[in-house]
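To keep things clear, I will list the structure first and then write my remarks on it.
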Amino acid sequence: MPLRARRPAYYLGLVIATTLFFTLVYNTGMAVWEGRSQPLYRSLEVVVQSFTTTGYGEDAPWRTPQMNALVIAMQLTGIGLILTAVDVFAVPWLRTALAPRAPESIDDHSDHVIICAHTPRTDAFISELEARGREYVLVEADEDRAGDLHEEGYRVVHADPESADGLRAANVESALAVVADADDDTNASIALAARDADSDVRIITLVEDADLARYHRAAGANDVLSPRQLLGSSLAQQVPTAVTTDVDSGVEVGDDFELVELTVAADSDLHGRTFGEARLRERFGVNVIGAWFDGDFETPIDARDELTARTRLLVAGESAQVQALKEATASTVRRFGPQRIVIAGYGDSGQAAADALSSTGTRVTVLDVEDGEGVDVVGDARDPDTLDEAGITNASALIVTVGDDTTAIFATLIARELNPDLYVVVRANEEADVQKLYRAGGDYVQSLATVSGRMLASTVFENEEVLAYDKQVSVVRLPAGDLAGSTIADERVRTETGCTVVAIVRDDRTIVDFDPETFTFEVDDEVVIAGTDEATTRFESQFGV
């Protein structure tokens, strides 16, 4: 039984014990100090009168100082018991009566998205929904949690998402989709309940263990997403190895045209130059969309910005052009032979990263707090001795995929101190911690919440194709919408939204060479845009896509 439920019982016990104690003391004092013996019930009456401040009757006044001191103590005790009663009974009652209560059903929503469970991942998805002006309803089984979410401004219903009635309370019959983002077992139960409530509703579940995806489909899920595995593979691709290069696997936009991220190495030809001095477009023919400076994405890039070590460039161009730029950004000192990479955290993302590196000839050391198959070193990634045992001082890179961001931040700080030349790639569980991880020493940080939000948005809204979930920018293919009949320059797309139009798709043909001043969009065109999540949602809102 929780302490809050036990407090009234404790209080009543205190009142009874205190009353009996003062009854015995008062009765003895009247006989010994005042010379007036009386029955116990008479003394009990006086004690109750004192505690309730209703008076003392014929016993007053008292002649001895001892009895006067006793009566004063009884009066003060009575006041204390009354104040305690307010805290034990009145305050909780008022708190309950005045606490915000989430509604238990809704009736005025249609074409909305029902979200079962509130997590950082669904928070990112809610941001995507709100940017598109789409309705959503959170279904929360815990009454206190539902009330807190309601007070914070979320549209929430207090109901059981694992029951058909609970989902009907969220108007599942008129919903666009049901999204389940609890644990794997609960998500399967939610899928069964949703299918029972409405046989036609679209059900989307997120799964942590990819092996359980088939059971979610068996439970009725139309789409099962596994962002942890996707992100783990993506993090492995950020690490320069003897086989892979400093250039990420690009996002293919059209034939022989791709969008890639490039990292400027400390001893590369571009290091130390300003963006204007580098003349990337003139020298390589690529379109530089933006760059990350200390984790902050800037677009367009100021000509005075310096290309320092670990600056990441987002560029679009033909494969040969990108390859030439890649050689200019890469280190002039090449490592030969197998490199050593440490993976801290061997959950789904860590295993996916290890699998992606298994064919590169890289020596991989896995560190985890629990022993198991594939784990080489058991210990805490925040312990310098454990990191030293894993070979961090001789490693070329560290991939951090631990369970919470606080541990990831501290592990990054320690690893950076032990090996200043280490290339550190980190998975952030929450978007709010991305900048902290960069400041802690991370070279590349990607948010699980962001990847999940993009995957969910692309799955729910079929007219939007996200070309890359696992990049630090959003690359999206959308209908041209209100751009029809105008040009990029007319609409000031980059200035107004922060997005760059990378390509236009017209009649199944991808156009990458176009003049922003003269190229006019047609009604059936599609555009491929790149930018931050906020920028792409502004683009959708601005042009009614």
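Values computed for the structure shown
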{"item": "Within the stretch 133-159, considering residues that are in a loop (DSSP other than H, G, I, E, B) and exposed (fewer than 15 other Cβ atoms within 10 Å of the Cβ), the one modelled with the lowest pLDDT", "result": "Gly133"}
{"item": "Residue in the stretch 164-181 that is of a type outside the set (Ser, Thr, Tyr), part of a loop (DSSP other than H, G, I, E, B) and under 20 Å from the mean Cα position of the chain (by Cα) present", "result": "yes"}
{"item": "Flag if Thr186 is in a helix (DSSP H, G or I), modelled with pLDDT of 90 or more and closer than 27 Å to Glu104 by Cβ", "result": "yes"}
{"item": "Output for the stretch 189-236, where each listed residue is open to solvent by 10 Å² or more (accessible area, probe 1.4 Å) and hydroxyl-bearing (Ser, Thr, Tyr)", "result": "Ser189, Ser199, Tyr215, Ser226, Ser233"}
{"item": "Residues that are under 16 Å from Ile341 (Cα atoms) and assigned to a strand (DSSP E or B), drawn from the stretch 413-432", "result": "Tyr423, Val424, Val425, Val426, Arg427"}
{"item": "Residue match in the stretch 314-337 (condition: closer than 26 Å to Asp211 by Cα and in contact (Cβ under 8 Å) with a residue 24 or more places away in the chain)", "result": "no"}
{"item": "Qualifying positions in the stretch 1-55 - of a type in the set (S, T, N, Q) and either over 15 Å from Leu76 (Cα atoms) or without any contact (Cβ under 8 Å) to a residue 40 or more places away in the chain (or both)", "result": "Thr19, Thr23, Asn27, Thr28, Ser37, Gln38, Ser43, Gln49, Ser50, Thr52, Thr53, Thr54"}
{"item": "Conditions (1) in contact with a Leu (Cβ under 6 Å, 6 or more places away or on another chain); (2) within 30 Å of Ala210 (Cβ to Cβ): number failed by Leu307", "result": "(2)"}
{"item": "Scope the stretch 526-539; condition closer than 12 Å to Val493 by Cβ and either without any contact (Cβ under 8 Å) to a residue 40 or more places away in the chain or touching a strand residue (DSSP E or B) at 6+ places or on another chain (Cβ under 8 Å) (or both); matching residues", "result": "Val527, Ile529, Ala530, Gly531, Ala535, Thr536, Phe539"}
{"item": "Condition check for Arg427: open to solvent by 60 Å² or more (accessible area, probe 1.4 Å) and touching a residue at least 60 places away in the same chain (Cβ under 8 Å)", "result": "no"}
{"item": "Residue satisfying condition, being among the β-branched types (Val, Ile, Thr) and without any contact (Cβ under 8 Å) to a residue 40 or more places away in the chain, within set Val137, Val113, Val156", "result": "Val137"}
{"item": "Selection within the stretch 15-43 - assigned to a helix (DSSP H, G or I) and more than 19 Å from Gly80 (Cα to Cα)", "result": "Leu24, Asn27, Thr28, Gly29, Met30, Ala31, Val32, Leu40, Tyr41, Arg42, Ser43"}
{"item": "Residues (open to solvent by 10 Å² or more (accessible area, probe 1.4 Å) and assigned to a helix (DSSP H, G or I)) located in the stretch 441-454", "result": "Thr450"}
{"item": "Cβ-Cβ under 7 Å pairs, at least 6 apart or on other chains, the stretch 159-172 side without any contact (Cβ under 8 Å) to a residue 12 or more places away in the chain and within 14 Å of Asn187 (Cα to Cα), far side in a helix (DSSP H, G or I) and among the small types (Gly, Ala, Ser)", "result": "none"}
{"item": "Index of the failed condition, Gly361 passing every other in (1) at pLDDT 80 or above; (2) surrounded by fewer than 20 Cβ atoms within 10 Å (Cβ to Cβ); (3) on the phi > 0 side of the Ramachandran plot", "result": "(1)"}
{"item": "Top-ranked residue in the stretch 8-44 [being open to solvent by less than 80 Å² (accessible area, probe 1.4 Å) and aromatic (Phe, Trp, Tyr); ranked as modelled with the lowest pLDDT]", "result": "Tyr11"}
{"item": "Strands (runs of 3 or more DSSP E) contained in the stretch 256-334 and holding at least 1 residues touching a strand residue (DSSP E or B) at 6+ places or on another chain (Cβ under 7 Å), modelled with pLDDT of 75 or more and among the β-branched types (Val, Ile, Thr)", "result": "257-263, 287-293, 312-318"}
{"item": "Considering residues of the stretch 171-181 that are of a type outside the set (D, E, K, R) and within 19 Å of Thr459 (Cβ to Cβ) only, the residue surrounded by the fewest Cβ atoms within 10 Å (Cβ to Cβ)", "result": "Leu176"}
{"item": "Residue within the stretch 364-381 that is part of a loop (DSSP other than H, G, I, E, B), among the charged types (D, E, K, R), open to solvent by 10 Å² or more (accessible area, probe 1.4 Å) and closer than 29 Å to Ala265 by Cβ present", "result": "yes"}
{"item": "Residue that is under 60 Å from the mean Cα position of the chain (by Cα) and modelled with pLDDT of 85 or more, where the choices are Val47, Val88, Val71", "result": "Val47"}
{"item": "Of all residues in the stretch 502-545 being of a type in the set (Lys, Arg) and over 29 Å from the mean Cα position of the chain (by Cα), the one that is most open to solvent (accessible area, probe 1.4 Å)", "result": "Arg509"}
{"item": "Test: residue in the stretch 494-503 that is under 30 Å from Arg228 (Cα atoms), of a type in the set (Val, Ile, Thr) and at pLDDT below 80", "result": "no"}
{"item": "Contacts under 8 angstrom Cβ, first residue in the stretch 220-232 being at pLDDT below 90 and assigned to a loop (DSSP other than H, G, I, E, B), partner open to solvent by 40 Å² or more (accessible area, probe 1.4 Å) and hydrophobic (A, V, I, L, M, F, W, C), 6 or more apart", "result": "Ser226/Ala210"}
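The values are calculated or read from the model by the stated rules, or taken from the named source; none is laboratory data. Everything numeric in this text was worked out from a predicted model, so none of it was measured. Positions of Cβ are generated from backbone atoms using ideal geometry, with glycine treated the same way; all protein chains shown enter the neighbour counts. Just the protein is used for accessible areas: all its heavy atoms, side chains included, with ligands, DNA and RNA removed. Shrake-Rupley method; radii C 1.70, N 1.55, O 1.52, S 1.80 Å.
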